[in-house]
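Nothing in this text is a laboratory measurement; each read-out follows from the coordinates by a stated rule. Keep in mind that what you see is a predicted model, and the values were worked out from it rather than measured. FYI the Cβ positions are ideal-geometry reconstructions off the backbone, even for glycines, and counts take in every protein chain you see.
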Amino acid sequence: MAEATGFAEFATSRHGALFRYAYLLTSDRGLAEDLVQEALVKTYVGWHRLRDPNNAEAYTRRAITTTAIGWWRRKSWRAERPYDDVPDQPVSADDATARVWLWRELQKLPPRQRAALVLRYYEDLTEPQTAEILGCSVGTVKSQVSDALKKLRARLGSDVVLKAGITE
């Protein structure tokens, strides 16, 4: 019973952060919610194996990442996707255009590179934390981020990437 209570408290308290991460990976609210639910099911099933419940979020983020990558491999994600996000505050046309442009370019990156960028710069995790979630070495995180930034700079220019607050 204590395990179920611990999991329920974790799922309730961290759902928002997990959803935000999944949304940044997919740019689709419905798909992000599906990813979070699937990852929480996997976390619940493996809850008894967690030696330290403080690692539950890293375990769940890794489940989100691996599940998303698996879905991308099995399905064609080239289809047109609706955008249902409306800014909370008015933004200038130039600012909004730049954000949409950057967001679309992020979606063109390979899944692991996108996941590494989202974890490092949107979720503000350290390289070791990102490596743990992605299930790889710190060196792999560094190379994934570096390769992703090179691609973004080549497509968008260095000034746009710097304006977005993404620096190596």
Under a plain spin-label model, where a point goes 7 Å from the Cα along Cα-to-Cβ, how far apart in nm are GLN37 and ARG104? 3.1 nm
Separation in nanometres of the label points that stand 7 Å from Cα toward Cβ, at THR5 and SER146: 4.9 nm
With each label point set 7 Å from Cα along the Cα-Cβ vector, what nm distance links HIS15 and TRP72? 2.7 nm
